[in-house]
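Colleague: My structure is below; once you've seen it, I'll send some questions.
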Amino acid sequence: MQTRRTVAPASPLTQSRRIVVKVGSALLVDDATGRLNRAWLETLTEDLVRLRKRGQEIILVSSGAIALGRRHLGLAPGALRLEESQAAAAVGQIRLAHAYKELFEAHGVTVAQVLLTLEDSERRRRYLNARATLRGLLALGALPVINENDTVATAEIRYGDNDRLAARVAQMASADCVLLLSDVDGLYTADPRKNAGATFIDRVPRVTAAIEAMAGAAVSDVGSGGMATKIAAAKIALSAGAHLCIAAGAHKNPVRRIEDGARCTWFVPQGNPVTARKQWIAGTLKPSGALVVDEGARRALRTGKSLLPAGVVRAQGRFDRGDTVSVLAPDGREFARGIAAYSDSDVVRIMGRKTREIAELLGFRGRDEMIHRDDLVMLGGEAGE
Ligand code: GLU
């Protein structure tokens, strides 16, 4: 998996038409004072303006609202309760937005604030609305500055980290590249702070179980994302056909530094991206439930077939017709996702049975398939033979 510099490291950055740049809280907010790192942010602004001048479209996903707001509310250091984070985000976001407006306006660039919730990406209709807004802003030449709407996010219904949000935004906006700027310079075989033998990986063509295991718990102190959320983001980006880069951002002009060859990890998409609809299904952060299938069904799915009721052995969780569900192998591993054609209570009545029996069992005639092949996407390299 580790190939040395087969792709010039900065090329996706210079060649992409549309780039999502995510900046972590640890970069934006000074740990000791709780204030915005304005001098650094000016250099990031310069970098992004330069990319725009050479014709690239930029979407900025910015963390930092909670880290910036907490000082103004006199909140003590350490973990915050949900309502404290919500309050801190409300205070910090307005300051963050103000700083971006001032900094970009000095270069003649109009910024647009977009606050998203998890539901804006998980519910298809809202996803399509958010996508249309983003496209509209870009078409008008504005630079969208995005954050999670932490003020209304609740513990169960939130991203909590901007890594996955950035990847979801990239997918939403059909971006070709995601740059995650944080306080780590990339992926190592183990946590380098704990393991002196950890080696750096500069290129990842596919997120395998081994890669996921490497993520460990390399969590930074200020933001909420660790390596695990970055790997999850990489999976979403790769399924959308976008490159994703994890790079250290604390230096001045962090984007130029990467273009100049600074060390970073590139996740490189292979082949053609799946359709937009399938990308959306694959990128679902919280499937509503799961269907456990038998080995025969799993093999059939791998060759591109639909999932039939006969191959389902169990339903887990509560879901309705139209909800996204995980498809689990007999060993419990998730290998696919799709849109269920039946609710969990109907699944229980028709699983293991022949398609022609559905009408009699349910009293109505629904779809022949439990998940139609058009609504089904294989995950993590399980794709067809
Ligand atoms: N949305 C959070 C904030 O603005 C940050 C999430 C993260 O650290 O990734 O403070």
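Colleague: When the residues of segment 13-40 are narrowed to those that are of a type in the set (D, E, K, R) and closer than 16 Å to Val145 by Cβ, which ends up farthest from the ligand (Cβ to nearest atom)? Full working, then the answer.
Modeller: Of the residues in segment 13-40, the ones of a type in the set (D, E, K, R) are 17-18, 22, 30-31, 35, 38.
Pick out the ones that are also closer than 16 Å to Val145 by Cβ and you get 18, 22, 38.
Working: Arg18: 21, Lys22: 8, Arg38: 17 Å.
By that ranking, first place goes to Arg18.
Colleague: Further question: Regarding Ala329, is this residue of a type outside the set (Lys, Arg) and either free of Cβ contacts under 8 Å to residues at least 40 places away in the same chain or touching a His at 6+ places or on another chain (Cβ under 7 Å) (or both)?
Modeller: yes
Residues are listed down the side, and each one gets a yes or a no for (1) among the basic types (Lys, Arg); (2) in contact with a helix residue (DSSP H, G or I) (Cβ under 6 Å, 6 or more places away or on another chain); (3) surrounded by 16 or more Cβ atoms within 10 Å (Cβ to Cβ):
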| residue | (1), (2), (3) |
| --- | --- |
| Arg123 | yes, no, no |
| Val184 | no, no, yes |
| Tyr188 | no, no, yes |
| Lys194 | yes, no, no |
| Asp202 | no, no, yes |
| Val207 | no, yes, yes |
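Colleague: Where in segment 258-377 are there strands (runs of 3 or more DSSP E), lying wholly inside it, with at least 1 residues that are of a type in the set (Phe, Trp, Tyr) and within 22 Å of the chain's Cα centre (by Cα)?
Modeller: Working: elements: 264-267, 289-293, 312-317, 324-328, 334-339.
Of the strands (runs of 3 or more DSSP E) lying wholly inside segment 258-377, those with at least 1 residues that are of a type in the set (Phe, Trp, Tyr) and within 22 Å of the chain's Cα centre (by Cα) span 264-267, 334-339.
Colleague: Quick one: would you say Ser11 is surrounded by fewer than 14 Cβ atoms within 10 Å (Cβ to Cβ), under 25 Å from the mean Cα position of the chain (by Cα) and of a type in the set (S, T, N, Q)?
Modeller: On the way: surrounded by fewer than 14 Cβ atoms within 10 Å (Cβ to Cβ): yes; under 25 Å from the mean Cα position of the chain (by Cα): yes; of a type in the set (S, T, N, Q): yes.
When the stated conditions are applied, Ser11 passes them.
Colleague: Look through Thr133, Thr110 and report the one residue that is under 22 Å from the mean Cα position of the chain (by Cα), free of Cβ contacts under 8 Å to residues at least 60 places away in the same chain and surrounded by fewer than 18 Cβ atoms within 10 Å (Cβ to Cβ).
Modeller: It is Thr133.
Colleague: Let me ask something additional. Answer yes if at least one residue in segment 215-233 is within 18 Å of Ser16 (Cβ to Cβ), modelled with pLDDT under 95 and surrounded by fewer than 23 Cβ atoms within 10 Å (Cβ to Cβ), and no otherwise.
Modeller: No: zero hits.
Colleague: Among the listed residues Val178, Val114, identify the single one that is more than 26 Å from Ser85 (Cα to Cα) and within 16 Å of the ligand (Cβ to nearest atom).
Modeller: Just one listed residue meets the conditions, Val178.
Colleague: Quick one: would you say Ile246 is at pLDDT 95 or above and crowded, with 19+ Cβ neighbours inside 10 Å? Can you show your working first?
Modeller: On the way: at pLDDT 95 or above: yes; crowded, with 19+ Cβ neighbours inside 10 Å: yes.
Criteria met by Ile246.
Colleague: Among the residues in segment 60-79, are any over 28 Å from Met172 (Cα atoms) and within 11 Å of the ligand (Cβ to nearest atom)?
Modeller: Yes, there is a match, as at least one residue in segment 60-79 is over 28 Å from Met172 (Cα atoms) and within 11 Å of the ligand (Cβ to nearest atom).
Colleague: Asp163 - would you say it is out of contact with any Asp or Glu (no Cβ under 6 Å at 6 or more places or on another chain) and within 14 Å of the ligand (Cβ to nearest atom)?
Modeller: Here the answer is yes, as Asp163 does meet what is asked.
Colleague: Could you list, in sequence order, all residues of segment 120-160 that are charged (D, E, K, R), within 11 Å of the ligand (Cβ to nearest atom) and modelled with pLDDT under 90?
Modeller: Hit for segment 120-160 is Arg158, nothing else.
Colleague: Further question: Counting only residues that are part of a strand (DSSP E or B) and under 29 Å from Thr324 (Cα atoms), how many does segment 114-148 have? Walk me through how you get there before you give the answer.
Modeller: Quick first cut of segment 114-148, residues part of a strand (DSSP E or B) only: 114-116, 143-148.
If we keep only those that are under 29 Å from Thr324 (Cα atoms) as well, we get 114-116, 144-148.
Total satisfying the criteria: 8.
Colleague: Check Asp323 against each of (1) surrounded by 21 or more Cβ atoms within 10 Å (Cβ to Cβ); (2) closer than 13 Å to Met370 by Cβ; (3) not β-branched (Val, Ile, Thr) and name the one condition it does not meet.
Modeller: Evaluating Asp323 over (1) surrounded by 21 or more Cβ atoms within 10 Å (Cβ to Cβ); (2) closer than 13 Å to Met370 by Cβ; (3) not β-branched (Val, Ile, Thr) leaves (1) as the failure.
The values are calculated or read from the model by the stated rules, or taken from the named source; none is laboratory data. Predicted, not measured: the structure shown is a model, and the values here were computed from it. Counting neighbours? That spans all protein chains shown, and the Cβs are built from the backbone with ideal geometry, glycine included.
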